[in-house]
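**Student:** Attaching a single structure in structure tokens format; questions to follow.
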Amino acid sequence: MAKKIFISYKHSDNSVYPLNNTWSLQPATARDYVNIIESHFKDTGDHIYKGERGNESLAEFKRDTIRGRLADKIYDSTVTIVLVSPNMKEWISLEKDQWIPWEISYSLREKSRSGIPSKPNAILAVILPDRHNNYDYVKAANFGFNILRVNQNNLKHHYPAQRLRNGCSSSYILQPTWKEFTSNYNGWIEAALEIRQNIDKYEISKSV
């Protein structure tokens, strides 16, 4: 059965590797990677993309309006894919004032609309390659958002798992590279969904 996917990313981050493997006057951005995922799901019919469309900008709206629209999309999704990119974090702003941490936090919460509950989403943090086609930037001290770090290595109780080669994941949020994810879209999504089914086995941190 097709799952609904929400993608969280820094639209303007142009510190990523060009998808066509060639340099051009127009630098690649994280949005280009979203387009690849959206196109894949559309072509295969495996899953339904619920995120922002390429021609759908929310920039002109007030913050509360944007938050409401994003909340609607996340509520109506099952999986949140976070695209990790080198400059996704704005160092001049508090994390609580940035969209990606808020979207992760909201994805991890139990939500209800008109009495209809929605469980926390499964989450995948897909690491995009930097301009040099390298992924090592994620190893830098204090890289990225705290809400991603605290939901790593947060397994409390082991459980029998089927989707991952080494059994249950030590982290609620899996972190495949772009190359790994695109080699097996459905496999990674199904693994994240299996973790979601066992969310009570993890120490989840929802605060930004």
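**Student:** Considering region 179-190 alone, what residues qualify as being out of contact with any helix residue (DSSP H, G or I) (no Cβ under 7 Å at 6 or more places or on another chain) and not aliphatic (A, V, I, L, M)? Write out each step before concluding.
**Tutor:** Filtering region 179-190 for residues out of contact with any helix residue (DSSP H, G or I) (no Cβ under 7 Å at 6 or more places or on another chain) gives 179-180, 182-184, 186-187, 189-190.
LYS179, GLU180, THR182, SER183, ASN184, ASN186, GLY187, GLU190, listed by residue number.
**Student:** Give me the pairs: first residue in region 21-34 and surrounded by fewer than 10 Cβ atoms within 10 Å (Cβ to Cβ), second residue at pLDDT 90 or above and in a loop (DSSP other than H, G, I, E, B), beta-carbon distance under 9 Å, and six or more apart or on different chains, which are they?
**Tutor:** Every condition considered, the pairs that remain are ASN21/ASN133; SER24/PRO18.
**Student:** Cβ-Cβ distance below 8 Å, separation of 6 or more or different chains: which pairs start in region 144-165 with a residue that is under 29 Å from ASP130 (Cα atoms) and end on one that is in a helix (DSSP H, G or I) and of a type in the set (Val, Ile, Thr)?
**Tutor:** Between residues of region 144-165 that are under 29 Å from ASP130 (Cα atoms) and residues that are in a helix (DSSP H, G or I) and of a type in the set (Val, Ile, Thr), the close pairs are GLY144/VAL138; PHE145/ILE100; PHE145/ILE104; ILE147/ILE104; LEU148/ILE104.
**Student:** Kindly establish whether TRP91 is open to solvent by 50 Å² or more (accessible area, probe 1.4 Å), at pLDDT 85 or above and either among the aromatic types (Phe, Trp, Tyr) or in contact with a Pro (Cβ under 7 Å, 6 or more places away or on another chain) (or both).
**Tutor:** It is true that TRP91 is open to solvent by 50 Å² or more (accessible area, probe 1.4 Å), at pLDDT 85 or above and either among the aromatic types (Phe, Trp, Tyr) or in contact with a Pro (Cβ under 7 Å, 6 or more places away or on another chain) (or both).
**Student:** Can you list the strands (runs of 3 or more DSSP E) found entirely within region 101-170 that contain at least 2 residues being surrounded by 17 or more Cβ atoms within 10 Å (Cβ to Cβ)? Steps first, please.
**Tutor:** Numbers: elements: 111-113, 116-118, 122-127.
Those strands (runs of 3 or more DSSP E) span 122-127.
**Student:** Looking only at region 5-30, how many residues end up being at pLDDT 90 or above and either β-branched (Val, Ile, Thr) or touching a strand residue (DSSP E or B) at 6+ places or on another chain (Cβ under 9 Å) (or both)?
**Tutor:** Selection size over region 5-30: 12.
**Student:** Might you let me know whether region 175-190 holds any residue that is farther than 26 Å from LYS139 by Cβ, touching a residue at least 12 places away in the same chain (Cβ under 8 Å) and either outside any loop (DSSP other than H, G, I, E, B) or charged (D, E, K, R) (or both)?
**Tutor:** Checked region 175-190: at least one residue is farther than 26 Å from LYS139 by Cβ, touching a residue at least 12 places away in the same chain (Cβ under 8 Å) and either outside any loop (DSSP other than H, G, I, E, B) or charged (D, E, K, R) (or both).
The values are calculated or read from the model by the stated rules, or taken from the named source; none is laboratory data. Note that the structure is predicted; figures quoted are calculated from it, not measured. For neighbour counting, all protein chains shown are included, and Cβ atoms are generated from backbone atoms with ideal geometry for every residue, glycine included. Ligands, DNA and RNA are stripped out before the accessible areas are found, and what is left, the full protein with its side chains, is counted by its heavy atoms. Shrake-Rupley method; radii C 1.70, N 1.55, O 1.52, S 1.80 Å.
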